[in-house]
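Visitor: Sharing a structure below in C-alpha cells format, with a few things to ask.
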Amino acid sequence: MKKILITFLALALPAALHASGAGTTAAPFLKAAMSPRAVAMGGAFSALADDSGAVFVNPAGLAQFETREAAFDFSTYLQDAKMGNVSYAGEAAGNRFGFGATFMTVGGIEKRGLNDAAGAVPELGDFSSSDMAVTLSYAKAEFMPDSLPRLDGGVSVKFIRSAIDDKTAFAAAADAGAIYHATDKLNLALAVQNLGTKMKFDEESDPLPVCLRAGGLYKVSPQLNAAVEIAEYLQDERFYPSVGAEYWFRKAFALRGGYKFGYDTSNLGGEVGLSLGFGVKVSGLGVDYAFLPFGELGSIHRFGFWLQF
C-alpha cells in the first residue's frame, strides 16, 4: 500500500499540474459526486470523510472508521436532471475497502436539425443524456508507521460512461488521498481526483476534470467539527475555497452549514455557494438532507439514507 500510494502521488501531482490550462472537460457530473453530508458542509469534507461517502472525495477517509456502512442518496438537480449516489465501506484482511456509484440523467432535451431551405431549424423531437461512474477504493490506516505515523492513505480506480442521444463514451481514472492526524483534534488532507483517459464522442475528445483538494479539520469539541478546503479544477481553471461546520446534539441530530466561494454571484445571486442541512441517526440508521440555493436556476434538495452494521 505504501509503495502504491507514494508512487501514485509522485506521478499524479506533476501530471495534474502539467494538465492545467483553461479548456472543456468531460463528465462534469463527477464534480457533484458527494454525499448530502459533504454537500451540506460546502464540500469541505476531505479531512473529515469518516463515512462511506469518502469514496467520492478522499479514499483515505475509509481508514478512519471500523464499521461497515451502506448509503444511498438522490436529488433532482438543476434543469430537471436527476442524480444519485450509492456507496459502501467494509473491511477485509485488516484493510478497508469501499465502493461507490454515481448516476445522473437528463431527459427531454430538445433536438433540432440543420437549417432548411427557408432558414428555419426544424424540431426533431427530444433526446436524453446519462452518466455513470463506478469507483473501487482501498485504504489503510497508518500506512507509513515508521517514518510518518498517524498518516492514513487511500487509492481509488473509477470507470466512467457517458451517453448523449445515441453516442457513448468511456473513460477510466484514478484518485489518491491522504489524511494526517496531526493531533487528536486536527486533521490535514490532500487528494487528487480524476486522473485518467479522455472521453471521446465521435472525433471530439475531452479530458476529465482533474481536481486537487487540500483540507483541514479541527474538532472543536466532541460535538462540533469545523472544516476548510481548497478545491482546484486544473483544466477549467476554477478555484473553490470552502468552509463548513457540523454540530451534533446528543450524537443523534446534526446541524450542518457551509459556504463555497468561486461561484458567479453577480449573475446567480448572493446566496449561491451557501449550503445547509441536517442529519439524524438512531441505532445505526441515518438520514441526511442538504439544501443548496442557485438563484434563478432553482434550488437543489438532496436526501440520503445510510445503514451501519
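Visitor: Sort through Asp184, Asp175 and tell me the only one that's part of a loop (DSSP other than H, G, I, E, B) and farther than 17 Å from Asp131 by Cα.
Guide: Asp184
Visitor: Tell me yes or no: at least one residue of segment 255-266 is over 21 Å from Gly215 (Cα atoms) and touching a strand residue (DSSP E or B) at 6+ places or on another chain (Cβ under 7 Å).
Guide: There is no residue in segment 255-266 that is over 21 Å from Gly215 (Cα atoms) and touching a strand residue (DSSP E or B) at 6+ places or on another chain (Cβ under 7 Å).
Visitor: For segment 74-86, check the following and say yes or no: at least one residue is at pLDDT 95 or above and closer than 29 Å to His181 by Cα.
Guide: Within segment 74-86, one or more residues are at pLDDT 95 or above and closer than 29 Å to His181 by Cα.
Visitor: Checking the conditions here, which among Leu292, Leu307 is under 19 Å from Tyr240 (Cβ atoms) and either under 21 Å from the mean Cα position of the chain (by Cα) or modelled with pLDDT under 90 (or both)?
Guide: Leu292
Visitor: Residue check, Arg68 against (1) surrounded by fewer than 24 Cβ atoms within 10 Å (Cβ to Cβ); (2) modelled with pLDDT under 95, all met but one. Which one?
Guide: Among (1) surrounded by fewer than 24 Cβ atoms within 10 Å (Cβ to Cβ); (2) modelled with pLDDT under 95, Arg68 violates only (2).
Visitor: Additional query: What pairs come up if the first residue lies in segment 30-59 and is β-branched (Val, Ile, Thr), the second is assigned to a loop (DSSP other than H, G, I, E, B) and surrounded by fewer than 24 Cβ atoms within 10 Å (Cβ to Cβ), and their beta carbons are under 8 Å apart, counting only those six or more places apart or on different chains?
Guide: Partner pairs satisfying both residue conditions: Val57/Met34.
Visitor: Another one. Can you name the number of the only condition in (1) surrounded by 18 or more Cβ atoms within 10 Å (Cβ to Cβ); (2) under 21 Å from Gly84 (Cβ atoms); (3) more than 22 Å from the chain's Cα centre (by Cα) that Ser162 fails?
Guide: Status for Ser162: all satisfied but (3).
Visitor: Give segment 134-145 a look and list any residue that's part of a loop (DSSP other than H, G, I, E, B) and buried (at least 18 other Cβ atoms within 10 Å of the Cβ), or say none.
Guide: Across segment 134-145, the qualifying residues are Ala141, Phe143.
Visitor: Any residue at all in segment 257-273 that's in contact with a Leu (Cβ under 9 Å, 6 or more places away or on another chain) and either of a type in the set (S, T, N, Q) or under 17 Å from Asp50 (Cα atoms) (or both)?
Guide: There is no residue in segment 257-273 that is in contact with a Leu (Cβ under 9 Å, 6 or more places away or on another chain) and either of a type in the set (S, T, N, Q) or under 17 Å from Asp50 (Cα atoms) (or both).
Visitor: Additional query: What number of residues within segment 128-143 are aromatic (Phe, Trp, Tyr) and under 13 Å from Ala89 (Cβ atoms)?
Guide: Adding up the residues that qualify gives 1.
Visitor: From the residues in segment 236-260 that are of a type in the set (A, V, I, L, M, F, W, C) and at pLDDT 95 or above, which one is nearest to Lys219 (Cα to Cα)?
Guide: Ala245
Visitor: In addition: What are the residues in segment 146-168 that are part of a loop (DSSP other than H, G, I, E, B) and among the aliphatic types (A, V, I, L, M), if any?
Guide: Leu148
Visitor: How many residues does segment 17-31 contain that are at pLDDT 90 or above and either of a type in the set (A, V, I, L, M, F, W, C) or touching a helix residue (DSSP H, G or I) at 6+ places or on another chain (Cβ under 8 Å) (or both)?
Guide: Qualifying residue count for the region: 3.
Visitor: Just for segment 221-231: of the residues that are over 21 Å from Leu190 (Cα atoms) and of a type outside the set (S, T, N, Q), which one is surrounded by the most Cβ atoms within 10 Å (Cβ to Cβ)?
Guide: Leu224
Visitor: Among residues belonging to segment 165-203 that are among the aromatic types (Phe, Trp, Tyr) and farther than 19 Å from Ala227 by Cα, point out the one that is surrounded by the fewest Cβ atoms within 10 Å (Cβ to Cβ).
Guide: Step one: of segment 165-203, the residues among the aromatic types (Phe, Trp, Tyr) are 170, 180, 201.
Filter once more, so that each one left must be farther than 19 Å from Ala227 by Cα: 170, 201.
Numbers: Phe170: 12, Phe201: 15.
Only one residue fits best here, namely Phe170.
Visitor: Which residue pairs have Cβ atoms under 6 Å apart, sit 6 or more places apart or on different chains, and have a first residue in segment 139-160 that is at positive phi and a second that is at pLDDT 95 or above?
Guide: Close Cβ pairs (under 6 Å, with a partner that is at pLDDT 95 or above) amount to Arg150/His181.
Visitor: Moving on. Out of all the residues in segment 74-94, which are under 23 Å from Phe29 (Cβ atoms) and more than 13 Å from the chain's Cα centre (by Cα)? If you could, list the steps in order and put the result at the bottom.
Guide: Just the residues of segment 74-94 that are under 23 Å from Phe29 (Cβ atoms), to begin with: 74-89.
Listed by number, the residues that qualify are Phe74, Ser75, Thr76, Tyr77, Leu78, Gln79, Asp80, Ala81, Lys82, Tyr88, Ala89.
The values are calculated or read from the model by the stated rules, or taken from the named source; none is laboratory data. Computed from a predicted model, the values in this text were never measured in an experiment. Cβ: placed from backbone, ideal geometry, glycine included. Neighbour counts: every protein chain shown.
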